[in-house]
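Below you'll find the structure, written out as structure tokens, and then a few comments.
Nothing in this text is a laboratory measurement; each read-out follows from the coordinates by a stated rule. For clarity, every value in this text was computed on a predicted model and none was experimentally measured. So basically every Cβ, Gly included, is an ideal-geometry build from the backbone, and we count neighbours across all protein chains shown.
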Amino acid sequence: MDIPKTTNALVKSSGTGLEFRENVNIPSVGERDVKLKILSASICGSDLHIYNNDSVFRDRVLEGQIVGHEFCGEVIEVGSQVKTVAVGDIVAAESHVSCGSCYYCLNGMSHICQEVSALGFDRPGGFAQYTVIPVENAIVLPPTIHPDIGACLEPFGNAVYTARRVDLVNKVVWVIGCGPQGLMSIAVAKAAGARTVIATEAKQERIDLANAILDAHHRTERDMVINPIEDPDTLKKIYKATNGLGVDVIIEMSGQPKAIEDALLALKKRGHLVALGLSSSSKFEIDWNKGIVLKEAHIIGIYGRLLYETWTEVIHFLTTGKIDLSSTLYPRQFALSEYKEAFDLVLNGKVAKVIFKPNDL
Ligand code: ZN
């Protein structure tokens, strides 16, 4: 086949929103790059910040940049030095491009590289028919993983890294917030041997999704999903489920100050709070003495995924059938030109993963 030199793509516009453009130039393939035909791409929460031109990424994502960093594609061209990936491979993209030479990269922590750049932010992304990425960012997938799931492996990797940061075997786990990563971490907690999973979420559609993912992962009568806004007995129910001791592990996906305040009080002595959810108000009050010091709490922050241990776990969970993410996919798929409808769905916060099919629709 002729290798295309241009692509249809969603690019950052000068103000709020994105723009659908045809015939955007595809970057050239460097020695250690691969060119992908995008099979599926998914909208992330951080894409919403770009879409809304929020201050967090306003000066970073420049006008005309191809956005989107959750995607899966078929390799159609490889650079002269590429040895580990071949034309025809199906790959998921790891969006973080690390420098390879800073303190963190040299010490096995390249996911928190000091010079990190990211696909869809600082470099062309995957809301396009074609894109080019470094070979280190192309994770070869086995054929049993569907490309729509392949597009969701970045957030799934975040959930896996978060939930697997502490041993969950026989533990009572409280997942706060059932957005995509919360939903996925419910599945990981069950697959990783948690005795009981309690999920809290305020939106009814997400409560339904949380129940669906529990049903698909060996639900027991102890597992539950609670709406903490409507149910004033939420903390009482959590204490009751733990014989008054509190939960062993909290997986914090909400970034909600009130939820985190309550969570620390309901954490068992020597328990772990593992936090991935960013908070819009990064400074808020917690009970330092009761919530952390006197109970010897462990508080762990999470950034992204481990390169590449988490990817190995991600593929293991999916190929062994221990985890099934299909209930997190919104049933309708979208063409890139239908991006406004797709983004509106995610902006209202009631669906989990929405998929673009840049070459099929
Ligand atoms: Zn680095």
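General remarks:
- Phi to ³J(HN,Hα) by Karplus 6.51 cos²θ - 1.76 cosθ + 1.60 over the range 157-162, Hz, x for Gly, Pro: x, 4, 5, 5, 4, 5
- Point-charge dipole on Cβ atoms (K/R +1, D/E -1) for the range 158-301, about Cα centre, debye to 20: 460 debye
- Order by protection proxy (mean Cβ within 10 Å, highest first), peptides 227-239, 197-209: 197-209, 227-239
- Applied to the range 22-27, the Karplus parametrisation 6.51 cos²θ - 1.76 cosθ + 1.60 on θ = phi - 60° returns per-residue 3J(HN,Hα) values of 9, 6, 7, 5, 8, x Hz, with x for Gly and Pro.
- Label-point separation, residue 333 to residue 52 (7 Å along Cα→Cβ), nm: 2.9 nm
- Over the chain: helical MRE at 222 nm, DSSP H runs n ≥ 4 each giving -39500 (n - 2.57), nearest 500: -7000 deg cm²/dmol
- C-alpha long axis of helix 204-215 to longest principal axis of the chain, angle in °: 90 degrees
- Footprinting exposure proxy ranking of 54, 89, 59, 33, fewest other C-beta atoms within 10 angstrom first, gives 59, 54, 89, 33.
- Proxy reagent accessibility, fewest Cβ within 10 Å first, across 269, 190, 357: 269, 357, 190
- Candidates 136, 74, 296: whichever shows maximal mean-square fluctuation once the chain is modelled as a Gaussian network with Cα springs under 10 Å: 296
- Given their separation in residues at 0.36 nm each and the Cα-Cα distance between them, residue 279 and residue 28 gain 86.6 nm when the chain is fully extended.
- FRET E, pair residue 303, residue 221, Förster distance 35 Å, beta-carbon r, rounded to 0.05: 0.45
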